[in-house]
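As structure tokens, the structure follows; a few thoughts come after it.
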């Protein structure tokens, strides 16, 4: 819901709430057609390495996986912290980066981060959150191993450039 709310505010739309989780969005009319540059992806930085994407939102995981794989990375998905720990301990591949959501059911990002760091103190972790860099994110980012922050929802170019900046020569 935070993602929807953020998009509504950015687009200057408004929302009429109904009962429960039903709501109606009224988006402003676009006066100018914006054509996406189909060649823009060619300018995105390519990379290599193995990335574990940990997020409870399936859309975020699949978007990150598809995007990063098209850029040359090998991507493994986990839907929560417990699954991430299981994957991390059982994988034969060296995981070069973990993209970690902070707010998840079963085991949150902060606890997942602490447990992953016990297994690998040199592990690089990129924090991803739809809530911005709040106190919770700032507290985790003080720890060594956190290499950055990315705001959700992210664009193709945002995730490509952020990952390349933390994995420049893997």
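The values are calculated or read from the model by the stated rules, or taken from the named source; none is laboratory data. Just so we're clear, the structure is a prediction, and the values are computed from it rather than from any experiment. Positions of Cβ are backbone-derived with ideal geometry, glycine not excepted, and every protein chain shown enters the neighbour counts.
Taking interchain pairs and intrachain pairs at least six residues apart, which have beta carbon atoms under 7 angstrom, with the first residue in segment 140-156 and in the same structural domain as residue 66 (by TED's automatic domain parsing) and the second assigned to a loop (DSSP other than H, G, I, E, B) and modelled with pLDDT of 90 or more?
Partner pairs satisfying both residue conditions: 145/123; 145/124; 147/124.
Within segment 81-109, can you find the residues that are surrounded by fewer than 19 Cβ atoms within 10 Å (Cβ to Cβ) and within 17 Å of the chain's Cα centre (by Cα)?
Hits for segment 81-109 are 83, 103, 105, 107, 108.
Filter segment 110-147 down to the residues that are at pLDDT below 75 and crowded, with 18+ Cβ neighbours inside 10 Å and list them by number.
Correct list: 137, 140.
Scan segment 45-60 residue by residue and report those that are within 15 Å of the chain's Cα centre (by Cα) and modelled with pLDDT under 95.
Within segment 45-60, 56, 57, 58, 59, 60 qualify.
Select from segment 90-102 the residues that are outside any strand (DSSP E or B) and touching a helix residue (DSSP H, G or I) at 6+ places or on another chain (Cβ under 7 Å) and write down the one among them that is farthest from residue 61 (Cα to Cα).
Here the answer is 95.
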